[in-house]
Amino acid sequence: MLKKRDLHECHSLFNLMMDPAVSPYVRFECQSYEEYLFITKKLIVDEEQKTCISRTILNEMGHPIGTIDLYDIVNQTGFLATWIGTPYFGKGYNRRAKESFLTELFIEHQIDTVFMKIRKQNARSKKAVEKLPYAILANDINQQVYKSINHAQLIYDLYQVERLTFLESCKAIQHGVAT
């Protein structure tokens, strides 16, 4: 479902990302394939320097369908960014990718907190994150981060996932307990 980023899937991902239903919500907007290739190379270097963790989301056939990243990693915290191509909307890929990625982050990389900033008008992403039993709206409980992402104007809601909450939620799901 997830794999480390490499340059081989850039062409497929760039084509999916250029869809007008996707491109406004991608963290690294690109106007050309070459620019996307450059950004992907930079993400690979940033991961080696431990300032980000970047994965390609794959469908059941092993084809790239989107990306998921943890960026601005500082003191075991970072920001999550995810996008999936429109042919794959509404098929559960986003949730499965998040759960797989969060498991990797919290267990293998010892991340403590994952933040998600979502544009207030992005109804699709807000609906998706609000379905996650381990994600909480953090506008009020983490006001310093909330203010930092909205320094010019209020355009984002802040959500956060804590390691312990996520792992407890996973354990409850494995044991058939509703969260």
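A compact table of results
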item	result
Separation between Cα centres of the stretch 87-163 and the stretch 13-39, rounded to whole Å	21 Å
Charge dipole (the stretch 2-174, unit charges on Cβ, about Cα centre) - positive-most of V26, I141, L16	I141
Packing-based order for 154-161, 15-22, 91-98, using average beta carbon neighbours within 10 Å, highest first	154-161, 91-98, 15-22
Under 14 Å from K131, Cα to Cα: aspartates and glutamates that are on another chain or at least 8 residues apart	E99
Cα-based reach from K3 at 16 Å (exclusive), listing lysines while leaving out same-chain residues under 8 positions away	K41, K98
Estimated dipole of the stretch 2-174 in Debye, rounded to 20 [Cβ of Lys and Arg +1, of Asp and Glu -1, Cα centre]	460 debye
Estimated inter-spin distance, E130 and I44, nm [label 7 Å along Cα→Cβ]	4.0 nm
Gain in span if fully extended, Q121 to S12, counting 0.36 nm per residue against the direct Cα distance	36.5 nm
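FYI, it's all coordinate maths here, none of it is from the lab. Fair warning: this is a prediction, and the values are worked out from it, not measured in the lab. Cβ atoms come from the backbone with ideal geometry, glycine included; neighbour counts cover every protein chain shown.
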